[in-house]
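Colleague: Pasting a structure here, questions to come.
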Amino acid sequence: MTTPAPFSRIKIRTGALLFCGTNVALIRRDRPGSVHYTPPGGNVEPGEDLDAALRRELLEELALDTTQASEPPELLWVVDQRVSRPGSTPPPRKIHLLYRLHITEEVRVTLATEEHDELEDGTFETGVIEWVDYRKTADLPIFPPIGPALADLTSPHAVVGNAALPVVTDENYTWV
């Protein structure tokens with residue numbers, strides 16, 4: 001059996017920029033020698049509808065039923081990722097679909113404060129849900145690297161002219 005070439009497989013990840021006022025929910029992952037943030041979300045399962053994947057991931061990670069949002073999820077950004085990563089398997093090309101949702105403070109206080117991500121060996125990595133002022137995300141180590149675009153929004157409801165953010169490659173990103 002031959003090993004697939006890097007980026008020959010494509011995975012799709014749905015993620016959410018969940019706003020409560022001017023704060024956005026990010027998952028902080030503390031790793032040896034580094035800290036990084038990710039929007040809540042995850043990979044779309046084979047045969048799974050994109051909306052169903054987003055609903056499932058938000059329920060799993062935040063205990064959020066998307067019907068609790070003020071409006072239906074809105075596709076905000078698309079990020080094409082072709083970045084080498086640690087590990088023995090060739091990296092996939094990953095397409096990140098980032099949706100925007102808004103919730104009230106009453107909903108926010110009911111959400112999870114930690115997220116437990118199962119690793120390949122059956123153990124769990126704990127991520128902490130942090131609510132960060134979106135205007136202060138430009139220099140945060142967020143993956144995919146959306147911090148500058150997020151901080152540049154004129155408001156949490158701002159209209160975005162181009163949903164395609166720059167491609168993320170080994171030339172402009174180093175895996176941490």
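Colleague: Output the qualifying pairs, or none if there are none: Cβ atoms under 7 angstrom, residues six or more apart or on different chains, first residue in segment 40-65 and closer than 16 Å to His102 by Cβ, second residue open to solvent by 50 Å² or more (accessible area, probe 1.4 Å) and assigned to a helix (DSSP H, G or I).
Modeller: Every condition considered, the pairs that remain are Asp65/Leu59.
Colleague: Now for a different question. Got a sec? Which strands (runs of 3 or more DSSP E) wholly within segment 75-176 have at least 3 residues that are buried (at least 16 other Cβ atoms within 10 Å of the Cβ)?
Modeller: Here the list reads 93-102, 124-133.
Colleague: So, one more: I'd like to check which strands (runs of 3 or more DSSP E) are fully inside segment 23-73 and have at least 2 residues that are surrounded by fewer than 16 Cβ atoms within 10 Å (Cβ to Cβ), under 16 Å from the mean Cα position of the chain (by Cα) and at pLDDT 95 or above.
Modeller: Output list is empty.
Colleague: Further, regarding this structure: What tally of residues in segment 103-138 results from selecting those that are among the acidic types (Asp, Glu) and at pLDDT 95 or above?
Modeller: 5
The values are calculated or read from the model by the stated rules, or taken from the named source; none is laboratory data. None of the values given here were measured: they were computed from a predicted structure. A quick note on method: Cβ atoms are made from the backbone with ideal geometry, for glycine too, and the neighbour counts reach across all protein chains shown. With ligands, DNA and RNA removed, areas are computed over all heavy atoms of the protein, side chains included. Shrake-Rupley method; radii C 1.70, N 1.55, O 1.52, S 1.80 Å.
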